[in-house]
Amino acid sequence: MVLNVPVGSGEVIVVDAILPVKLDHAHASVISVSQSDLTMLAHTHGGKERSEHEFRALAIEAGFKGINFVCCVCSFWVMEFCK
């Protein structure tokens with residue numbers, strides 16, 4: 001659930017890991033994000049990492065027109081949800 005979405009024009013900056021659709025077990029960042037997903041699943045109610053598709057759906061559902069993936073640093077993406 002997203003609360004306090006900007007009215008009119010605006011943006012929200014999100015920094016989070018993105019779960020890859022296809023797992024490349026040789027890449028350390030993929031292993032790290034996959035392990036984080038399993039940890040959240042095991043230790044929280046409904047916690048999970050999201051895929052790019054799920055972030056896009058979340059942005060649209062929250063009333064944003066789209067999402068820009070700005071850059072990736074140490075397995076974390078800077079994303080811009082745009083109105």
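The values are calculated or read from the model by the stated rules, or taken from the named source; none is laboratory data. What you are looking at is a predicted structure, and each value in this text was computed from that prediction instead of being measured. So basically every Cβ, Gly included, is an ideal-geometry build from the backbone, and we count neighbours across all protein chains shown.
Being assigned to a loop (DSSP other than H, G, I, E, B), surrounded by 12 or more Cβ atoms within 10 Å (Cβ to Cβ) and among the small types (Gly, Ala, Ser) is the filter here, so list the residues in region 30-83 that pass it. It would help to see each step written out before you state the result.
Let us first name the residues in region 30-83 that are assigned to a loop (DSSP other than H, G, I, E, B), namely 44-49, 51, 62-65, 74-75, 83.
Imposing the further condition that a residue be surrounded by 12 or more Cβ atoms within 10 Å (Cβ to Cβ) reduces the set to 47-49, 51, 62-64, 75, 83.
Residues satisfying the conditions are 47, 51, 62, 63, 75.
Residue-by-condition table, conditions (1) more than 21 Å from residue 12 (Cβ to Cβ); (2) in contact with a His (Cβ under 8 Å, 6 or more places away or on another chain); (3) not small (Gly, Ala, Ser):
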| position | (1), (2), (3) |
| --- | --- |
| 32 | yes, no, no |
| 42 | yes, no, no |
| 45 | yes, no, yes |
| 48 | no, no, yes |
| 77 | no, no, yes |
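Can you name every residue in region 27-83 that is of a type in the set (Gly, Ala, Ser) and modelled with pLDDT under 85?
We begin by selecting, within region 27-83, every residue of a type in the set (Gly, Ala, Ser); these are 28-29, 32, 34, 36, 42, 46-47, 51, 57, 59, 62-63, 66, 75.
Residues satisfying the conditions are 28, 29, 32, 34, 36, 42, 46, 47, 75.
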If you check every pair at least six apart or on different chains, which have Cβ atoms under 7 Å apart with a residue in region 60-71 that is aromatic (Phe, Trp, Tyr) first and a residue that is outside any helix (DSSP H, G or I) second? 64/81; 64/82; 64/83; 69/77; 69/79
Pairs with Cβ under 7 Å, 6+ apart, first in region 1-27 and within 22 Å of residue 49 (Cβ to Cβ) and assigned to a loop (DSSP other than H, G, I, E, B), second at pLDDT below 80 and of a type in the set (Gly, Ala, Ser): 23/34
Exactly one of these conditions fails for residue 41: (1) closer than 17 Å to residue 18 by Cα; (2) without any contact (Cβ under 8 Å) to a residue 60 or more places away in the chain; (3) touching a Phe, Trp or Tyr at 6+ places or on another chain (Cβ under 7 Å). Give me its number. (3)
